[in-house]
Amino acid sequence: MIVVAAKTKQAPQPATETQVQPADMWRVVVLNDPVNLMSYVVMVFKRVFGFPEMRARRHMLEVHENGRSVVWSGVREQAEAYVFTLQQWHLTAVIENDETS
């Protein structure tokens, strides 16, 4: 007796594409406060972010004149770490979702 195995032809499966979305981007925003000296804020920006003097001063003036400055943007975990560090230096900092990315 001969047994023939019948091969069933399967319909091709549609390719499933998983859309890889970039990680949500977040902004670290420093807000103005009436407590800290401008020179202190410049020093903190230089130490925390490694900004050169001119960039640190530019962000400090933006905080002073506009009430806020976006000092960093990137992934949420790092943004949270920066906000925590800035708060340890007694600066008012918040994290915001960056809708532009």
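For the reader, a short list of remarks on this structure follows.
- Spin-label pair Ala81/Glu53, simplified geometry with 7 Å Cα→Cβ offset, distance in nm: 2.9 nm
- Taking the range 26-97 and dividing mean pair separation by its residue count, relative contact order in percent (alpha carbons under 8 Å, at least six apart): 54 percent
- The range 26-97 gives an Rg/Rh value of 0.92, both radii derived from C-alpha positions and Rh following Kirkwood.
- With the highest mean first, a sort of the peptides 31-39, 53-61 on other beta-carbon atoms found within 10 angstrom per residue produces 53-61, 31-39.
- Annotation for Asn66 and Met25: the two label points, set 7 Å from Cα along the Cα-Cβ direction, are 1.5 nm apart.
Only the coordinates and a few stated rules stand behind these numbers; no lab work does. Since the structure is predicted, the reported quantities are computational estimates derived from the model, not experimental observations. All Cβ positions, even for glycine, are placed from backbone atoms using ideal geometry, and neighbour counts span all protein chains on display.
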